[in-house]
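One structure below.
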Amino acid sequence: MKLGVFVSDYKVTVETLDRMKGENLGIVLVQNGVYHAVLKEGGKESALLGKTPRLYALSEDLQTRGLSPEQVDKRVKIVDYSGLVDVIFNDFEKVAWL
Amino acid sequence: MGVLTMGVFPGLVGSGCYDFALKLAGAAADKGHVVNIWFSGNATVSVKAHQKHLKDYSTGEKYLVELMEKGVEVCTCEACTVSRGIQKTESIAKIQWNAMHWYLSKIHCSDRVLQIGGE
Amino acid sequence: MADVKCAFIVQRPQYKGETSRLALTHALSYQTVEVLLEDGDTVTPSLCFVGEGLLGISKGQNAMAPYGINSSEMHAKNCLLVDLDVYVCKEDMERFGITENQLPDADDMGAEKKINIVPFAQIEKIMEEAKHVLFF
């Protein structure tokens, strides 16, 4: 279904996302969700990064939190608000904010 | 160009999600998309006029005015708004007041819907 | 003339936050949306309760006495009364130990619809078939 899912939290569980199949899913990391693209707790990356190859993080939310593009996992494409608009309209058939 | 409708529920102050919604709306409008914003829940407080922009707090008014000048339609849930003690006479000009079916009617003609629920 | 299908996915519990109640009231407004649409156009929400979201529709709620507000149970019954399709995730019912007879019906109000208990896979299918997916 090419669903783009917005993840805006880091620690708050997104149980529904865990249950959804990854093949038609994309993940857009915004707000505190961008920590998924950077942090390695206990040396382990976020499980979300293995969920789908279609991963995006919002540059303004990285910048706000003092996170540089170099810290971001290479699988994650960094987009600004303008780029995010294109992602919403071109890369997915529908979008959902968890 | 497409139509993007956003349902925004989080409050103006205390949730970055509100700021996100307005920034995204502006970026989409700048690219020529049609954008509709529906405020429900705590987000409806943001339609009150004469907000003072203190730098420790997010502000809605000046951005909402800019968005509406760009053609973005903004509508607040009347029931949610009056339940928070805000009357239509106190509202930022040009913000529409309506019932929940306004949101569904905009959803009907949208290419994308982003529903940002409250926390 | 077109019908637009929407999946309303309620994943948060009721009462502490407002979001999940607003899912029900927004879904109910499908009854009157036609006044703002062209003839023959409709919007049809399917209301799906998953995870903790399904905790809030159990029978026997009374939010009016302690807090002066309508219960989520009442909203769920109203959804059935106006012929909305309401789904509850089977796996989550089992996880939380909720049985079918703990779910409300609206027989006393004359509703014909019942709550559908379905596997999560069917809720995913509803999401697939919907034009828009809204999480609450």
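Table: residues versus (1) at pLDDT 95 or above; (2) farther than 26 Å from A:Val85 by Cα; (3) within 14 Å of chain C (Cβ to nearest Cβ).
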site: B:Gly16; (1), (2), (3): no, no, no
site: B:Ala29; (1), (2), (3): yes, no, no
site: B:His50; (1), (2), (3): yes, yes, no
site: B:Met68; (1), (2), (3): yes, no, no
site: B:Thr76; (1), (2), (3): yes, no, yes
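List the number of the failed condition for B:Met100; all other conditions in (1) touching a residue at least 40 places away in the same chain (Cβ under 8 Å); (2) out of contact with any strand residue (DSSP E or B) (no Cβ under 9 Å at 6 or more places or on another chain) hold.
B:Met100 satisfies all of (1) touching a residue at least 40 places away in the same chain (Cβ under 8 Å); (2) out of contact with any strand residue (DSSP E or B) (no Cβ under 9 Å at 6 or more places or on another chain) except (2).
Output the helices (runs of 4 or more DSSP H) that fall wholly within the stretch C:37-136 and possess 1 or more residues being of a type in the set (S, T, N, Q) and out of contact with any Phe, Trp or Tyr (no Cβ under 9 Å at 6 or more places or on another chain), or say none. If you could, list the steps in order and put the result at the bottom.
Values: elements: C:64-67, C:72-81, C:90-96, C:120-129.
The helices (runs of 4 or more DSSP H) meeting that bar are C:72-81.
Condition test on B:Ala43, is it among the aliphatic types (A, V, I, L, M) and within 18 Å of A:Val28 (Cβ to Cβ)? Spell out how you get there, then give the answer.
Values: among the aliphatic types (A, V, I, L, M): yes; within 18 Å of A:Val28 (Cβ to Cβ): no.
The answer is no for B:Ala43.
Collect the residues in the stretch C:31-47 that are over 18 Å from C:Tyr87 (Cα atoms) and touching a residue at least 24 places away in the same chain (Cβ under 8 Å), keeping them in residue-number order. Write out each step before concluding.
At the first step, the residues of the stretch C:31-47 found to be over 18 Å from C:Tyr87 (Cα atoms) are C:31-42.
Those that are over 18 Å from C:Tyr87 (Cα atoms) and touching a residue at least 24 places away in the same chain (Cβ under 8 Å): C:Gln31, C:Glu38, C:Asp39, C:Gly40, C:Asp41, C:Thr42.
How about the stretch A:1-58: which of its residues are touching a residue at least 60 places away in the same chain (Cβ under 8 Å) and in contact with a Cys (Cβ under 8 Å, 6 or more places away or on another chain)?
A:Ser8 - this is the single residue of the stretch A:1-58 that is touching a residue at least 60 places away in the same chain (Cβ under 8 Å) and in contact with a Cys (Cβ under 8 Å, 6 or more places away or on another chain).
State whether the residues of the stretch C:106-118 include one that is in contact (Cβ under 8 Å) with a residue 40 or more places away in the chain and either within 14 Å of chain B (Cβ to nearest Cβ) or exposed (fewer than 14 other Cβ atoms within 10 Å of the Cβ) (or both).
Checking the stretch C:106-118: not a single residue is in contact (Cβ under 8 Å) with a residue 40 or more places away in the chain and either within 14 Å of chain B (Cβ to nearest Cβ) or exposed (fewer than 14 other Cβ atoms within 10 Å of the Cβ) (or both).
So for the stretch A:52-60 (the condition being modelled with pLDDT of 95 or more, in contact with a Gly (Cβ under 7 Å, 6 or more places away or on another chain), surrounded by 13 or more Cβ atoms within 10 Å (Cβ to Cβ) and of a type in the set (Lys, Arg)), does at least one residue qualify?
yes
Could you list, in sequence order, the residues of the stretch C:119-136 that are closer than 22 Å to B:Cys109 by Cβ, touching a residue at least 60 places away in the same chain (Cβ under 8 Å) and away from chain B (no Cβ under 14 Å)? Let's see the steps before the verdict.
Narrowing the stretch C:119-136 to residues closer than 22 Å to B:Cys109 by Cβ: C:126-136.
Subsequent filtering for residues that are touching a residue at least 60 places away in the same chain (Cβ under 8 Å) retains C:126-127, C:129-136.
Answer for the stretch C:119-136, where residues must be closer than 22 Å to B:Cys109 by Cβ, touching a residue at least 60 places away in the same chain (Cβ under 8 Å) and away from chain B (no Cβ under 14 Å): C:Ile126, C:Glu129.
Consider C:Val50 carefully, then state whether it is over 17 Å from B:Gly7 (Cα atoms), in contact with a Cys (Cβ under 6 Å, 6 or more places away or on another chain) and either among the hydrophobic types (A, V, I, L, M, F, W, C) or within 9 Å of another protein chain (Cβ to nearest Cβ) (or both). If you could, list the steps in order and put the result at the bottom.
Numbers: over 17 Å from B:Gly7 (Cα atoms): yes; in contact with a Cys (Cβ under 6 Å, 6 or more places away or on another chain): yes; either among the hydrophobic types (A, V, I, L, M, F, W, C) or within 9 Å of another protein chain (Cβ to nearest Cβ) (or both): yes.
Spelling it out, C:Val50 is indeed over 17 Å from B:Gly7 (Cα atoms), in contact with a Cys (Cβ under 6 Å, 6 or more places away or on another chain) and either among the hydrophobic types (A, V, I, L, M, F, W, C) or within 9 Å of another protein chain (Cβ to nearest Cβ) (or both).
Can you pull out every residue in the stretch C:31-54 that is surrounded by fewer than 18 Cβ atoms within 10 Å (Cβ to Cβ) and of a type outside the set (Asp, Glu)?
C:Gln31, C:Thr32, C:Val35, C:Leu36, C:Gly40, C:Thr42, C:Thr44
Scan the stretch B:61-119 for residues that are of a type in the set (Asp, Glu) and under 20 Å from B:Met1 (Cα atoms) and jot them down. Break it down stepwise before answering.
Narrowing the stretch B:61-119 to residues of a type in the set (Asp, Glu): B:61, B:66, B:69, B:73, B:78, B:90, B:111, B:119.
Within the stretch B:61-119, B:Glu69, B:Glu73, B:Asp111 qualify.
Quick check on the stretch B:101-115. Is at least one of its residues over 22 Å from C:Cys6 (Cα atoms), surrounded by 16 or more Cβ atoms within 10 Å (Cβ to Cβ) and within 14 Å of chain C (Cβ to nearest Cβ)?
Of the residues in the stretch B:101-115, the ones over 22 Å from C:Cys6 (Cα atoms) are none.
Scanning the stretch B:101-115 turns up no residue that is over 22 Å from C:Cys6 (Cα atoms), surrounded by 16 or more Cβ atoms within 10 Å (Cβ to Cβ) and within 14 Å of chain C (Cβ to nearest Cβ).
Here are some residues: C:Thr19, C:Thr99, C:Thr44. Which one is hydroxyl-bearing (Ser, Thr, Tyr) and touching a strand residue (DSSP E or B) at 6+ places or on another chain (Cβ under 7 Å)?
Details: C:Thr19 fails: touching a strand residue (DSSP E or B) at 6+ places or on another chain (Cβ under 7 Å); C:Thr99 fails: touching a strand residue (DSSP E or B) at 6+ places or on another chain (Cβ under 7 Å).
The match here is C:Thr44.
Here is a list: C:Ala27, C:Ala2. Which entry is under 12 Å from the mean Cα position of the chain (by Cα) and on the phi < 0 side of the Ramachandran plot?
C:Ala27
Return yes when B:His33 is within 14 Å of chain A (Cβ to nearest Cβ) and farther than 28 Å from A:Tyr10 by Cβ and no when it is not. Talk me through it step by step, then tell me what you get.
Details: within 14 Å of chain A (Cβ to nearest Cβ): yes; farther than 28 Å from A:Tyr10 by Cβ: yes.
It is true that B:His33 is within 14 Å of chain A (Cβ to nearest Cβ) and farther than 28 Å from A:Tyr10 by Cβ.
Identify all residues within the stretch C:1-30 that are in contact (Cβ under 8 Å) with a residue 40 or more places away in the chain, outside any helix (DSSP H, G or I) and surrounded by 19 or more Cβ atoms within 10 Å (Cβ to Cβ); write none if there are none.
C:Val4, C:Cys6, C:Ala7, C:Phe8, C:Ile9, C:Val10, C:Gln11, C:Arg12, C:Gln14 - these are the residues of the stretch C:1-30 that are in contact (Cβ under 8 Å) with a residue 40 or more places away in the chain, outside any helix (DSSP H, G or I) and surrounded by 19 or more Cβ atoms within 10 Å (Cβ to Cβ).
The values are calculated or read from the model by the stated rules, or taken from the named source; none is laboratory data. Predicted model only: the values in this text are computed from it and were never measured. Backbone-built Cβ (ideal geometry, glycine too); neighbour counts: all protein chains shown.
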